[in-house]
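Some notes on the structure that comes next.
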C-alpha cells in the first residue's frame with residue numbers, strides 16, 4: 001500500500017508519492033480507477049527518472065475535503081488497476097487547515113447631497129459571512145449608528161443590513177459634479193473585515209441673500225461711494241464664485257448716468273458717482289448675484305438729498321407812479337412788470353400767486369412773476385406830499401407757502417427769506433418809494449429784487 005506524502009489543499013491538488021514506490025513500466029500503463037475514494041478522485045501520472053518512474057496523484061479539484069477543520073486528519077483510499085489486471089490501493093491522509101471565511105453581499109452605495117432640513121437621505125445594503133470549515137460559523141454582530149471615517153454621515157448595521165444616513169450639513173460645500181466618499185469597516189466574529197464605502201454626490205446650491213442691503217443716502221454735488229460687504233450674498237458650493245450685475249428696480253432700466261457700479265471680484269461691489277440737482281430724489285437699485293447657474297437679488301434705495309442752490313433773479317426790477325397821474329381816471333396810481341427766477345432746485349422756479357398789501361398800495365403777482373402795483377391816489381398820505389418828498393411801501397413776494405426760518409438782506413433793500421431746509425421762499429422789497437419829482441406829482445419806485 002502506498003501512502004501519499006501529500007500537501008492537502010494546494011491549489012493544484014497534487015500529491016507526490018515517494019520515489020521508493022516504483023512501478024515497472026509494463027505493470028501500469030493506463031491506470032484505471034476500480035473504486036473511488038470518498039473525498040475525491042485521484043489520477044496517476046508518471047515522470048521518468050533515473051531509477052524508475054515518479055508517481056503523482058492529482059485530485060479532481062473539488063472542495064469535498066474543505067470541511068476538515070484545522071488540525072483534524074482524514075484519510076481516503078482509492079484502488080487502481082493496471083493494464084495487466086493488477087490492482088493497487090492508494091491511501092491519502094488529508095490534514096485540515098483553517099479556511100478563510102467568505103464575505104458576500106453589497107459593500108458599496110451612493111447618495112446625493114440635498115438641503116439641510118430635508119428628509120433623511122440614505123443608502124443601504126446587506127453583507128453576510130460564511131466559512132466552509134464545519135466548526136466555524138462567523139457572523140457580523142449588530143453595530144449601532146457610527147460616524148463614517150470621513151464624517152459625512154453615519155453607518156448602522158442590523159442583522160447584516162447596513163444603512164448609511166447622510167449628514168447634509170457636512171456636504172453642502174459640494175457642487176454639481178463633485179463627490180466624496182465615506183467608509184466604515186465592520187469586523188466579523190472570526191476577525192474577518194469588510195469595508196463599506198458610500199459615495200456622496202454633490203448638487204447645485206443656489207446663491208443666497210444673507211444680509212439685505214440697507215438704504216443709502218447721497219447728497220447733491222457731493223461724491224458718493226458705497227461698497228456692500230462680502231457677507232451680503234453667499235453660496236454653499238465652495239467652488240462657486242459669485243458675479244454681480246445691477247439695474248434699476250424694474251430689472252431692465254440701466255443705472256442713472258451719474259451712478260456707476262464695479263464688481264470687485266471678491267464677493268463685493270462698489271457704487272460710485274456724484275449726483276447733481278436733477279438727480280435729487282430716490283433711486284431704487286436691483287442688485288443680482290449669480291453663480292452661473294442660479295441667481296438671487298436684493299433691492300435697496302439711494303436717497304439723493306438736495307443742496308440749496310442760490311436762485312438767479314431777473315426781469316423788471318423797478319416801477320414808478322406819480323401823484324395825480326391817473327391815465328384811466330380810476331383814482332389808482334398803477335405800475336407793472338415781470339420778475340423772473342431761475343433756481344436749479346426742482347419746483348423752486350416759480351412764485352406764489354396772490355395779492356400783497358403794503359402801507360399805501362397793493363401788489364398782485366402770478367406764478368410766472370407778472371406783477372402789478374396800485375395805490376389809491378386820493379389817500380391823504382399821498383396828497384400831502386410836497387415836491388421831492390417820498391413815501392416807502394414795504395411789499396413781500398412769496399415763492400412758497402412755508403414758515404420762514406431765516407432772513408438775509410441779500411442786497412440793499414432786498415431781504416430773502418428761507419425755510420428750515422434752506423430753500424428761498426420769499427423776497428421783501430423794502431425801498432419801494434413814493435417820491436415827489438415835481439409839484440403835485442408822486443412816483444413809486446420798486447427796489448431791485
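What to note about this one:
- Cβ crowding within 10 Å averaged over residues, with 379-386, 355-362 ranked highest first: 355-362, 379-386
- Efficiency of FRET between residue 199 and residue 250 - r from beta-carbon atoms, R0 45 angstrom, step 0.05: 0.50
Taken together, the values in this text are just the output of simple stated rules run on the coordinates, not laboratory data. The shown structure was predicted, so the numbers you read here are calculated from the model rather than taken from an experiment. FYI the Cβ positions are ideal-geometry reconstructions off the backbone, even for glycines, and counts take in every protein chain you see.
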